[in-house]
1. Being surrounded by fewer than 14 Cβ atoms within 10 Å (Cβ to Cβ) and modelled with pLDDT of 90 or more is the filter here; which residues of region 30-44 pass it?
2. Just wondering, is there one or more residues in region 41-60 that are charged (D, E, K, R) and within 13 Å of LEU96 (Cα to Cα)?
3. Exactly one condition in (1) at pLDDT 85 or above; (2) buried (at least 16 other Cβ atoms within 10 Å of the Cβ) is false for THR26; which is it?
4. Which one of these is modelled with pLDDT of 90 or more and outside any loop (DSSP other than H, G, I, E, B): VAL82, VAL111, VAL101, VAL47?
5. So, TYR64, is that one at pLDDT 85 or above, surrounded by 16 or more Cβ atoms within 10 Å (Cβ to Cβ) and among the aromatic types (Phe, Trp, Tyr) or not?
6. Could you please find all residues in region 50-69 being under 14 Å from the mean Cα position of the chain (by Cα) and not in a helix (DSSP H, G or I)?
7. Which condition breaks for MET94 when tested against (1) assigned to a strand (DSSP E or B); (2) modelled with pLDDT under 85?
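The values are calculated or read from the model by the stated rules, or taken from the named source; none is laboratory data. Since we're looking at a predicted model, the values are computed, not measured. Don't worry about glycine lacking a Cβ; one is built from the backbone with ideal geometry, like all the others, and counts go over all protein chains shown.
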Amino acid sequence: MVAPEAVGAGAENEAPWTSRYEIRETLGEGGAAVVYRARGRELGRPVALMVLGESMSVSESLRYRFRREAQVMATIPHPNVVAVYDARENDSRMYLATELVEGRSPAKMLVEAHGGGVRIENGSRW
């Protein structure tokens, strides 16, 4: 389990999502958010918990996009789109809980299939 301090909270100021979710491990980090493997405290359901970074939370336009993405995802009933379970904003920190999909990441699949990248027409690799 990851300590709340590791996900944006001090000992005296608990992160708002820890009352609803128990953080298990970090799945990935990007420029805008961190995604954790977590478990819902009420239902015991495993979730992917995406927490918008503090620096991103100050931008009203990014917070709007985050909310809008959650709303759109929640309206798409499709087996290739993860189900949205929860989306909240507390103290200007936003988080989204979705269905947890187990398996390999696309990056790992590319490495396994193409030895570390894909050659594109100009000869560079990504």
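1. ARG41, GLU42, LEU43, GLY44
2. Our first condition is that a residue be charged (D, E, K, R); within region 41-60, this holds for 41-42, 45, 54, 60.
Right, trim to within 13 Å of LEU96 (Cα to Cα) and you get none.
Checked region 41-60: no residue is charged (D, E, K, R) and within 13 Å of LEU96 (Cα to Cα).
3. So THR26 meets the others, but not (2).
4. VAL47 is the lone residue from the list that is modelled with pLDDT of 90 or more and outside any loop (DSSP other than H, G, I, E, B).
5. In short, no.
6. MET50, VAL51, LEU52, GLY53, listed by residue number.
7. Failed condition: (2).
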